[in-house]
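What follows is calculated from the coordinates using simple rules that are stated; it is not laboratory data. Here the structure is a predicted model, which is why all the values come from computation and not from measurement. Cβ placement follows ideal geometry from the backbone for every residue including glycine, while neighbour counts extend to all protein chains displayed.
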Amino acid sequence: MAEITSKQNTQRTRLETVIPLDTPFEVQLAIANVCNFRCGYCPCSTPDLLKKNNVRKGVMDFTLYTKIIDDLDEFPHKIKILRLVKEGEPLLNKRFADMVRYAKKKQPSVILDTTTNASLLTPELSDAIIDAGLDKIFISLQGMNAEVYKKLAGVTVDFDHLLENIFYFCKNRQQCKVYIKVPDVGVNKLEKEKFFNLFDRYADEMFIEHIIP
């Protein structure tokens, strides 16, 4: 049975009690700065903002990725968390499973996670990601039907097929923890109840995400 929680982790170390750090707690890598969705509340949907902040769009080369992972050994201690996501949809990087595997080989103690809209998940990709050693996956839904996806994300999805692929991952996830969220702007009261009931058997945690304008 899933736990319904806030997205905020209340057990985090208070940074002001431990700085200065000789090794970062967490490293985030933008392995894909592009997305196949156009969610109105996401920076990826604001090209002028991305251009203003000199954000380069594309996917990270695997050679660059391995160099970054190798360079983590220069820190005096191991990092705690490696997040293969920043802006964008990480599964657009076709080497995603290889990236997970390489990082876990080089940093076996690291907690490795990602956030995805799950639209590109297939049983084959799910098997590869799980086998590579991903520790946590945050699945970000946009709503509970195709109409809401079209309205919020600007894409046409087969919602039932999307659910089938998510359920496949959840049923075969082994060591990987599954967190599923949906934005408050994408669900009404009845749909919130449907969301919790639908994923209760599959996820470790679920939450409704409050979208800040």
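Counting 0.36 nm for each residue step from residue 19 to residue 145 and taking away their Cα separation leaves a gain of 40.8 nm. Take the alpha carbon atoms of region 177-212, find their center, do the same for region 44-95, and report the distance between the two centers in whole angstrom. So the two Cα centres are separated by 27 Å.
Coupling constants for region 125-137 follow from the phi torsions by the Karplus curve (6.51 cos²θ - 1.76 cosθ + 1.60, θ = phi - 60°), and in residue order they are 5, 4, 4, 5, 5, 5, 5, 6, x, 4, 8, 9, 10 Hz; glycine and proline get x. When only the Cβ of Lys, Arg, Asp and Glu is charged (+1, +1, -1, -1), the dipole of the chain relative to its Cα centre reaches about 300 debye.
Within the straight-line cut-off of under 13 Å between alpha carbons, the aspartates and glutamates reachable from residue 57 are 48, 87, 89, sequence neighbours fewer than 8 places apart in one chain being disregarded. Shape of region 109-185 from the C-alpha gyration tensor: prolate (a/c of 1.5 or more and a/b above b/c, with a ≥ b ≥ c the square roots of its eigenvalues). Dipole orientation for the chain: of the candidates 198, 39, 115, 39 has the Cα lying most toward the positive pole (charges on Cβ; Lys, Arg +1; Asp, Glu -1).
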